[in-house]
Structure formats: structure tokens, C-alpha cells
Amino acid sequence: AHASFFMVGTMMNSCKSCVLQTYKSGNEVGSHTYDHLNIKRAAYDKVNENLSKTDNLYNSITGDHIKLLRPPYGAYSKENLETINNYWRYRNVKHIVNYIKENVHDGAIILMHELYESSYESLKIILPWLYANGYQVVSVSELAKIKGKTLETGKAYLSLR
């Protein structure tokens, strides 16, 4: 399965080989800001500095640039999305698996944090279930391509139908 991993820059910095391995294995890496910044509350300059720092780090590791952003806490506003070029609160494996089973649909984007062991444990259960139920597991960009959609700068996506 391929996936999109929205990484926090400080975590990228602490495990550059993990970032490179993720990238080289055909997965997509997006930004979750450098230090989990709430972009809805931060000043424009701080947001841009934070995103640039993450992209520069990613570029130094992979030679590529980040194309996607998942704002921490799901917090954003139309205004702050235009100025830049929350729904996962649980760490219990059973809750995560049940939530995905109850809410997954064609075009769904499933958010999981790499930081928690419960995400890994949930994947061991949910991936076979998704495949058995006819779902493809792909990165956000692959999903957009399959759906014939063009991802737009400044727009937030919770799913692609």
C-alpha cells in the first residue's frame, strides 16, 4: 500500500533516514508544519517561516519539495490558506479501527499520526479489512489522479469524491 505521510519537521530532523526511506518506497510526504504550529492562530510570517523550514529540510533529505499540507489540529481558515503557497484525537486501537470502518467511503482520506504506536497497530488490522472490502490504499496525490481531480493550492481536502 502507498500512503501520504504528513510529517512534523522536528520529527523529520530526528530521523532523516526514515523520511528518505518513506520517499524512496513510493509513498508521499506532506507537511504537518515544522513544530506542529497552529496555523490558524499564528501570524502570516511565522506560518510561512515554519512551512519553508519544513520544505527546506525535506528538500535537503530527498531533493524534492513538499506539495501537501495537513494543518495541525485541522485548524485553518480560508484566509490563512490563501496566504500560504481535527479530526483525529484518539489513540486507542479499537476506537481507531471502528472509526475507520464506520466512516470510510470511496475517496476518503484517512489521517493517522506516525508518532503513535496505536497508528501502527491499527494499520495491521485495518489494511487487510480495507482490501477485503474492495478499497485501494493510495496516497492523496494518487487518489486525486484516480478521481480526475487537480489538487488546488489553498484548499483543504477531507476526502476526494
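The residues of segment 113-155 that are under 21 Å from SER31 (Cα atoms), β-branched (Val, Ile, Thr) and open to solvent by 70 Å² or more (accessible area, probe 1.4 Å), listed by number, are THR150, THR153. Just one of the listed residues (TYR120, TYR135, TYR99, TYR157) is in contact with a Leu (Cβ under 9 Å, 6 or more places away or on another chain) and hydroxyl-bearing (Ser, Thr, Tyr), and it is TYR157. Total residues in segment 11-38 satisfying the condition of being part of a loop (DSSP other than H, G, I, E, B) and either out of contact with any helix residue (DSSP H, G or I) (no Cβ under 7 Å at 6 or more places or on another chain) or modelled with pLDDT under 90 (or both): the figure is 4.
Pairing residues of segment 126-141 that are within 20 Å of TYR23 (Cα to Cα) and among the β-branched types (Val, Ile, Thr) with residues that are open to solvent by 50 Å² or more (accessible area, probe 1.4 Å) and part of a loop (DSSP other than H, G, I, E, B), at Cβ distances under 6 Å and at least 6 apart in sequence or on separate chains, gives VAL137/ALA1; VAL138/HIS2.
Applying the condition of being part of a loop (DSSP other than H, G, I, E, B), aliphatic (A, V, I, L, M) and more than 15 Å from GLY154 (Cα to Cα) to segment 39-67 and asking which residue is most open to solvent (accessible area, probe 1.4 Å) yields ALA43.
Answer yes if at least one residue in segment 68-84 is touching an Asp or Glu at 6+ places or on another chain (Cβ under 6 Å) and open to solvent by less than 40 Å² (accessible area, probe 1.4 Å), and no otherwise. No, because not a single residue in segment 68-84 is touching an Asp or Glu at 6+ places or on another chain (Cβ under 6 Å) and open to solvent by less than 40 Å² (accessible area, probe 1.4 Å).
The values are calculated or read from the model by the stated rules, or taken from the named source; none is laboratory data. It should be emphasised that the depicted structure is a prediction, and the values quoted were computed from it without experimental measurement. Cβ atoms come from the backbone with ideal geometry, glycine included; neighbour counts cover every protein chain shown. All accessible areas refer to the heavy atoms of the entire protein, side chains included, with ligands and DNA or RNA removed. Shrake-Rupley method; radii C 1.70, N 1.55, O 1.52, S 1.80 Å.
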